[in-house]
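A short write-up of the structure that comes next.
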Amino acid sequence: MERSIERQREAVAAWTTCIADEQTEDVEAMLVLDFEGEEYRKRIGELSETRVSSECFEAMPRAYRRIKLGGLPFAGGLAEQLLKADNTPLINRLSMAAIGPAAQTFSYTDAIAMCTVRGAPNLVAALFDSEVNSDNEIAAADALVPVTAYCTVGKRKFEASAFGLRSMLATASYRLLAAQDSVEAIENVAEAAE
């Protein structure tokens, strides 16, 4: 098992890029589910065992071609790939979503992540604009500390590595944007019915 967190993160990024690109609909369906639920566990398990195209597999560095995937880093990697797939700048999308309907949260840390995304969409977008394992990523994560502290006032203390924070914020960001899409779809159906 690879011990270097940097290598682990690079491997997760390589795999999630392939899976999100090739299994987009399945990834989208999984990311909006309650991650505490059985359906989520089933779907993330299936995605983690998905075989990718030989072209994508062969494009990965050889050292990353075998990895155990699952849990928050995997879900966060998938979410971040989908966030990057839209050509509209993420800061614009998150800023609009921050003033829109809230998305459901499923745990204490998920509520912190959602509060952070809604409270500082510009800082969250800056984190996703930074390269993994870079000084910019560390600076962007550090800039979010006061926001996460605000989101936990009167509650138990919260700490996360840049990797953990990025994963949490990616899944929360994706669900917040998906909540806006759901509302927009309902409004479009209602307008069409009038």
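Quick rundown of the values:
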| item | result |
| --- | --- |
| Of all residues in the range 162-175 being aliphatic (A, V, I, L, M) and crowded, with 24+ Cβ neighbours inside 10 Å, the one that is farthest from the chain's Cα centre (by Cα) | LEU165 |
| Selected residue (criterion: farthest from PHE35 (Cα to Cα)) from residues of the range 130-161 that are of a type in the set (A, V, I, L, M) and open to solvent by less than 30 Å² (accessible area, probe 1.4 Å) | ALA140 |
| Those helices (runs of 4 or more DSSP H) lying entirely in the range 23-92 with at least 3 residues open to solvent by less than 50 Å² (accessible area, probe 1.4 Å) and either at pLDDT 75 or above or small (Gly, Ala, Ser) (or both) | 24-31, 38-48, 71-85 |
| Near pairs, Cβ below 9 angstrom, 6+ apart or cross-chain, from the range 124-151 (in contact (Cβ under 8 Å) with a residue 40 or more places away in the chain) to any residue that is of a type in the set (Lys, Arg) and open to solvent by less than 60 Å² (accessible area, probe 1.4 Å) | LEU127/ARG166; PHE128/ARG166; VAL132/ARG9; VAL132/ARG166; ASN133/ARG9 |
| Residue ID - nearest to TYR174 (Cα to Cα), chosen from residues in the range 5-43 that are among the β-branched types (Val, Ile, Thr) and under 15 Å from the mean Cα position of the chain (by Cα) | VAL32 |
| Pairs with Cβ under 6 Å, 6+ apart, first in the range 171-185 and outside any helix (DSSP H, G or I), second open to solvent by 10 Å² or more (accessible area, probe 1.4 Å) and modelled with pLDDT of 90 or more | none |
| Neighbours by Cβ (under 6 Å, 6+ apart or cross-chain): first from the range 94-106, assigned to a loop (DSSP other than H, G, I, E, B); second charged (D, E, K, R) and surrounded by fewer than 17 Cβ atoms within 10 Å (Cβ to Cβ) | PHE106/ASP34; PHE106/GLU36 |
| Count of residues meeting criterion [aliphatic (A, V, I, L, M) and open to solvent by 30 Å² or more (accessible area, probe 1.4 Å)] in the range 93-126 | 6 |
| Residue among ALA149, ALA125, ALA160, ALA113 that is in a helix (DSSP H, G or I) and more than 19 Å from ALA102 (Cβ to Cβ) | ALA149 |
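The values are calculated or read from the model by the stated rules, or taken from the named source; none is laboratory data. Predicted model, so just to flag it, every value in this text is computed and none were measured. Neighbour counts are summed over all protein chains in view; Cβ atoms, including those assigned to glycine, are modelled from backbone coordinates with ideal geometry. The accessibility values were calculated without ligands, DNA or RNA, using every heavy atom of the protein model including side chains. Shrake-Rupley method; radii C 1.70, N 1.55, O 1.52, S 1.80 Å.
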